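The values are calculated or read from the model by the stated rules, or taken from the named source; none is laboratory data. Since we're looking at a predicted model, the values are computed, not measured. Glycine gets a Cβ as well: all are built from the backbone with ideal geometry, and neighbour counts include every protein chain shown.
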Amino acid sequence: MSHGHKTTIRGRKLRPESLMMTYAYKPELSEGALKCPIFQTSTFVFKSAEEGKAFFEIAYGLREQGPKEELGLIYSRLNNPDLEILEDRLCLWDEAGGAAVFESGMAAISTLALEYLRPGDVVMHSEPVYGGSEYFFRHILPRYGIKAVGFRGDLSEAELEKAARAAGRVAMVFVETPCNPTNVLVDIKACVRVAKRLSTKGRRVIVAVDNTFLGPLWQHPLKLGADFVLYSATKFIGGHSDLIAGVCLGGAADMKRVRTLRTFLGTLASPWTGWLLLRSLETLKLRMTCMMKNAQKVADFLAEHPKVEKVYYLGHLEEGTPQRKVYEEQCLAPGSMISFDLKGGEKQAFKFLNALELFSLAVSLGGTESLAEHPATMTHSDIPPKDQRRMGISPKMVRLSIGVENPEDLCADLAQALSRA
């Protein structure tokens, strides 16, 4: 497969959405097929024994790769044409040095953590964080002598540094921003500065950002100084609620380490998943732009509704507030995730959710269809109620993922459901 596809036309740099159809793929290597075929194979044939030897030497790090030498295809647990092309295209959105695709978002997070954390280390993570990440940090990593310490997403830089210095040997600052489901923004640049001050000679404290909520379009953590950006590709990147996948991106040397551990943990995505993601990348900008515009209309409607107590939406952050300042520094648009508090409690929230007709009552997000869920009893139910309250999650909160439907229809559905709450 080609990695040197043209990215300019007469000196003009092409945008990622223009390259999503053709970049890193040579039709002549696949019988002239316009679209990349599904390479549904477990193993690949070598031209000679010498080529097989050379491929393994590079794959297992037995020697350095030559300047014009490509990592050859060996076995689909190591690499596969669909995934190589996909990883090259994913790098374009975040301007990353390398990418690794996984069979789930949790596979990406756990592989990264196991590569960069050692017994005695501490991972500092923002709160609230996705339930799967929280469980992995709090219940799985301690088995290996790794401690997890949470910090409130809107802490100041000084407060974060103080908490980190009190936490012990911090090796990773893991941030999910905006926070799920409160839409609180974590200042990525501040986290990077704190991590640099905590680093010592020969011991780098890394910053990893779960960018699932804003996707590759509306926030670029690597450009803000983060070492890694992670995605549940199940969400906006896949975008059709029909696959499970994860992505980790970062610098070339860092990603070589992540890919090596991926090989031995066996967490690589399948060719079929890779092919579906290649298809989805072609419409990523169209879908995310439509969803974002729809969400603006829905959030405005909710903010005016008498039965809605509070709306948590990035487009409504007040001018002059610290959160608004962070938004202007690191976000390109408010995305399509909205949470809101209903007047009342769980009973009213459930009545509202049960009355929805166009919205589907389901967890997940970032698909073409609009979804609604109840964080306190669904996605964040494993967090104790007192911790939920501290994080801003209450029984009256509902989370919406806005899809590509007609925005007036979405508002009409919300209106009729609210009237019955």
Practice task
With the checklist (1) in contact (Cβ under 8 Å) with a residue 60 or more places away in the chain; (2) out of contact with any strand residue (DSSP E or B) (no Cβ under 7 Å at 6 or more places or on another chain) in hand, flag the one item LEU353 doesn't pass.
Solution key: (2)
Completion exercise
When every residue in the stretch 127-155 that is in a helix (DSSP H, G or I) and among the hydrophobic types (A, V, I, L, M, F, W, C) is compared, the one surrounded by the most Cβ atoms within 10 Å (Cβ to Cβ) is PHE137
Exercise for the section: State which residue pairs qualify: first residue assigned by TED's automatic domain parsing to the domain that holds GLY98 and over 8 Å from GLY105 (Cα atoms) and inside the stretch 244-255, second residue surrounded by fewer than 22 Cβ atoms within 10 Å (Cβ to Cβ) and aromatic (Phe, Trp, Tyr) in any location, beta carbons under 9 Å apart, and separation of 6 or more residues or different chains. Expected result: ASP254/TYR116
Problem - Matching entry among LEU73, LEU90, LEU83, LEU62 (being in contact with a Pro (Cβ under 9 Å, 6 or more places away or on another chain), surrounded by fewer than 22 Cβ atoms within 10 Å (Cβ to Cβ) and within 30 Å of LYS26 (Cα to Cα)) - result: LEU73
Practice task
Say whether the condition of being assigned by TED's automatic domain parsing to the domain that holds ASP154, part of a helix (DSSP H, G or I) and among the small types (Gly, Ala, Ser) is met by at least one residue in the stretch 99-107.
Solution key: yes
Exercise for the section: Answer yes or no: is there a residue in the stretch 13-33 that is of a type in the set (Asp, Glu) and touching a residue at least 60 places away in the same chain (Cβ under 8 Å). Expected result: yes
Practice task
Scan the stretch 389-406 for residues that are surrounded by fewer than 20 Cβ atoms within 10 Å (Cβ to Cβ) and either out of contact with any strand residue (DSSP E or B) (no Cβ under 7 Å at 6 or more places or on another chain) or assigned to a strand (DSSP E or B) (or both) and report the count.
Solution key: 4
Practice task
Please state which one of TYR116, TYR130 is of a type in the set (Ser, Thr, Tyr) and more than 17 Å from the chain's Cα centre (by Cα).
Solution key: TYR116
Handout entry: So GLN323, is it farther than 23 Å from LEU371 by Cα, polar (S, T, N, Q) and buried (at least 20 other Cβ atoms within 10 Å of the Cβ)
Key = no
Exercise for the section: Inspect all residues belonging to the stretch 23-46 and state whether any of them is outside the structural domain of ASP254 (by TED's automatic domain parsing), under 26 Å from ASP227 (Cα atoms) and assigned to a loop (DSSP other than H, G, I, E, B). Expected result: yes
Exercise for the section: Filter the stretch 385-421 for residues that are closer than 14 Å to LYS351 by Cβ and within 29 Å of the chain's Cα centre (by Cα) and give the result. Expected result: PRO395, LYS396, VAL398, LEU414
Exercise for the section: Being charged (D, E, K, R) and outside any strand (DSSP E or B) is the filter; apply it to the stretch 156-179 and report the residue that is farthest from LYS325 (Cα to Cα). Expected result: ARG169
Exercise for the section: Out of the residues in the stretch 301-344 that are among the polar types (S, T, N, Q) and out of contact with any strand residue (DSSP E or B) (no Cβ under 7 Å at 6 or more places or on another chain), state the one that is nearest to MET291 (Cα to Cα). Expected result: GLN330
Exercise for the section: Tell me, please, whether a residue that is outside any loop (DSSP other than H, G, I, E, B), touching a residue at least 24 places away in the same chain (Cβ under 8 Å) and not assigned by TED's automatic domain parsing to the domain that holds TYR130 can be found in the stretch 360-369. Expected result: no
